[in-house]
1. I'd like to verify a number: residues in segment A:131-174 that are of a type outside the set (Ser, Thr, Tyr), touching a helix residue (DSSP H, G or I) at 6+ places or on another chain (Cβ under 7 Å) and within 10 Å of chain B (Cβ to nearest Cβ), how many?
2. Among the residues of segment A:83-110, write down those that are part of a helix (DSSP H, G or I), in contact (Cβ under 8 Å) with a residue 12 or more places away in the chain and either within 20 Å of A:GLU175 (Cβ to Cβ) or not assigned by TED's automatic domain parsing to the domain that holds A:ARG167 (or both).
3. Quick test of your reading of the structure: A:SER23 fulfils all but one of (1) in a helix (DSSP H, G or I); (2) surrounded by fewer than 23 Cβ atoms within 10 Å (Cβ to Cβ). Name the failing condition by number.
4. Being within 14 Å of chain A (Cβ to nearest Cβ) and either at pLDDT below 65 or not in a loop (DSSP other than H, G, I, E, B) (or both) is the filter here; which residues of segment B:1-20 pass it?
5. Just one of A:ALA213, A:ALA221 is in contact with a Lys or Arg (Cβ under 7 Å, 6 or more places away or on another chain), surrounded by fewer than 13 Cβ atoms within 10 Å (Cβ to Cβ) and not hydroxyl-bearing (Ser, Thr, Tyr); which is it?
6. Collect the residues in segment B:259-296 that are hydroxyl-bearing (Ser, Thr, Tyr) and at pLDDT 90 or above, keeping them in residue-number order.
7. What tally of residues in segment B:76-121 results from selecting those that are basic (Lys, Arg) and buried (at least 21 other Cβ atoms within 10 Å of the Cβ)?
8. Name the pairs whose Cβ atoms lie under 6 Å apart, with the first residue in segment B:162-174 and within 7 Å of chain A (Cβ to nearest Cβ), the second part of a strand (DSSP E or B) and of a type in the set (Phe, Trp, Tyr), and 6 or more positions between them or separate chains?
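The values are calculated or read from the model by the stated rules, or taken from the named source; none is laboratory data. On a predicted model such as this, the values are computed, not experimentally measured, just so you know. Cβ placement follows ideal geometry from the backbone for every residue including glycine, while neighbour counts extend to all protein chains displayed.
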Amino acid sequence: MAKNPHNVLVYIELDHDQLADVSLELVCKARELADRLGVAVEALLIGHQNLDSFAPTIFSYGADILYLTEDPALEVYTTLPYCHVTSRLIRDTQPQIVLFGATPIGRDLAPRVASELKTGLTADCTDLQIGDHEDRKLKKVYHDILYQIRPAFGGNIIATIVAPEHRPQMATVREGVIKREAPDPTRTGEIRPYPADLSPDLFVNTIIDRVVAERKVNLKAADIVVAGGGGVGSKENFQLIHDLAATLGGMVGASRAAVDSGYIGKEHQVGQTGTTIRPKLYIACGISGAIQHRAGMDKSGKIIAINTDPNAPIFKIAHYGIVGDLKEVIPMMIKAYKTKT
Amino acid sequence: MSIHLVVLAKQVPDTHNITGEAMKPDGTVNRAALPAIFNPEDLNALEMALQCKERYGARVTVITMGPPRAADILREALYRGADDTILITDRAFAGADTLATSYVLAKAIEKIGDVDLVLAGRQAIDGDTAQIGPQVAEKIGYNQITYVEAIQELKDRTLTVHRSLGRVTEIIQTRLPVLITVTSSANKPRTFGAKRMIKYKKARSLLEIKREVESGSFAGHYGLELVEDEIALVTKELREKNLLIETWSAADLDADPDSIGLRGSPTKVKKVISIVLAASETKDIPPTEEGIHDLITELIEDRTFG
């Protein structure tokens with residue numbers, strides 16, 4: 001390996017004593033980028049204790065080096081101490097790329113780190129690639145730059161962002177948009193303890209109370225999602241969505257319109273402001289298919305759309321389109337499925 | 001106790017309500033045709049500041065960086081109850097990414113001086129980055145608390161807030177000064193006050209005063225020097241009536257030219273693709289017993305149902 005390899009660093013987030021899904025997705029993406037660049041994948045995990053128990057999993061997804069920062073004061077995420085450790089590690093190790101999950105914590109931490117390092121940060125990326133960039137004004141070509149690809153303008157455009165002159169190139173990446181490759185349990189890596197070096201003035205917040213709600217809905221894990229939109233019409237009709245999901249062994253999703261109308265809770269929302277999913281089968285019932293919704297489900301393996309409006313945009317991305325009343329179509333589907341299985 | 005609150009606001013294109021008129025024939029959005037509005041979550045931040053003012057007695061200053069027409073949202077802030085407004089505008093700021101924008105906003109907050117609490121919306125609906133709050137906080141050396149849902153108490157310069165991070169909710173206590181970002185579920189922003197609207201409809205930024213004086217009948221009859229005098233006079237009158245929207249340029253902020261606008265922005269937009277609906281091949285399924293039966297059979301046979 002070269003003397004100063006400028007590796008790819010992933011900030012690993014703990015979701016209540018478990019590795020966050022998005023962090024493992026990022027390790028997979030970092031592996032792909034690092035292979036292209038001929039460098040190593042590094043990961044940083046900050047926390048309280050026994051962090052080395054997570055190392056085999058992080059290595060199995062593709063990390064080569066894992067920095068562990070353990071300190072009793074770092075049990076719960078607070079901005080300033082975590083920012084202090086992350087910024088200092090980046091200064092010390094000089095990665096060329098740093099990736100964070102676009103989770104509430106990632107979106108709290110990454111901008112503050114980027115500001116401290118006076119470098120660029122692209123939020124909520126949906127894809128990352130390596131390529132060249134030509135600055136026509138400066139007549140200069142930059143090789144092997146990180147393309148940071150993200151939706152903007154409410155999802156109406158997709159922008160490719162580059163930061164040619166600044167290092168590290170930093171991005172937060174949405175959960176669920178990167179495919180998690182199968183782990184290789186035989187892969188190993190090197191654990192490097194990294195000191196926290198904390199000072200009392202970093203601890204300015206007192207957490208008086210902290211409540212962690214149960215994870216009730218995990219749409220991302222579902223192979224089949226049956227989702228209802230504003231076209232479902234009422235909370236009573238929404239029972240049909242639950243019935244179909246139960247019959248098929250799937251989970252219930254919803255568009256923003258259905259959530260806003262009070263048919264179902266926000267934790268079921270699919271789309272740009274909800275969850276991004278890629279199930280094997282997505283059944284959109286009474287969902288018109290606004291771009292914000294499509295951004296959360298258009299990578300589904302198969303999409304069935306049921307809508308009374310033949311011009312609904314959802315039909316443009318559906319593999320199977322049923323123009324009809326969901327109150328009639330759904331019972332037919334339940335019946336047909338029960339007869340066949 | 002009198003504390004000084006600063007609200008960071010942005011004028012944004014209304015990307016959430018795209019009507020047919022803003023769609024181009026090729027199915028992409030004509031961004032220029034979108035109406036410009038007060039960024040929704042910045043209104044939640046303003047509402048939180050105004051409630052603080054009512055509960056604890058505070059001065060509320062709303063600042064925005066943007067083109068001259070961003071003065072519109074500052075007038076709206078005055079209609080709702082803001083005490084002071086500042087328009088930060090300069091061609092040199094154009095093309096700024098979040099790092100260059102946060103630098104300018106931080107310079108403005110430093111120029112205001114002695115700010116106890118900075119409030120900003122969680123994110124703006126044009127970029128959805130949620131970066132400005134934390135980046136401004138870092139630049140002015142303030143602590144930050146993002147995703148704030150409510151201020152529970154503000155007493156003896158100790159702030160207690162309720163925040164929500166996905167599945168986690170926290171009650172956090174901290175000392176002023178601090179910067180917080182506010183979510184849409186925090187409150188319901190108030191509408192315009194009728195009396196305030198009548199009064200503050202006359203509020204003007206320096207650029208608007210200039211334009212109105214220069215295009216008025218006055219200017220045609222007198223020399224340049226007198227026009228300048230008239231602008232100074234109108235500015236003074238409006239300031240006395242508290243109707244002046246303070247207007248600051250890069251020079252007023254003593255901003256480093258290498259830190260603002262395109263030059264101060266590490267990130268560049270390489271390419272933009274407008275989204276056009278992908279015309280995938282859709283198989284039409286008739287909404288009949290037979291049609292549905294065939295569909296279900298196909299999906300069972302190709303193992304989509306696991």
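1. So the answer is 5.
2. A:THR86, A:ILE105, A:GLY106, A:ARG107, A:ASP108, A:LEU109, A:ALA110, listed by residue number.
3. (2)
4. Within segment B:1-20, B:LEU8, B:VAL12, B:PRO13, B:ILE18, B:THR19, B:GLY20 qualify.
5. Going through A:ALA213, A:ALA221 in turn, just one is in contact with a Lys or Arg (Cβ under 7 Å, 6 or more places away or on another chain), surrounded by fewer than 13 Cβ atoms within 10 Å (Cβ to Cβ) and not hydroxyl-bearing (Ser, Thr, Tyr): A:ALA213.
6. Passing the criteria: B:SER259, B:SER265, B:THR267, B:THR288.
7. So the count comes out to 2.
8. Here the result reads B:LEU165/B:TYR147, each pair linking segment B:162-174 to a residue that is part of a strand (DSSP E or B) and of a type in the set (Phe, Trp, Tyr).
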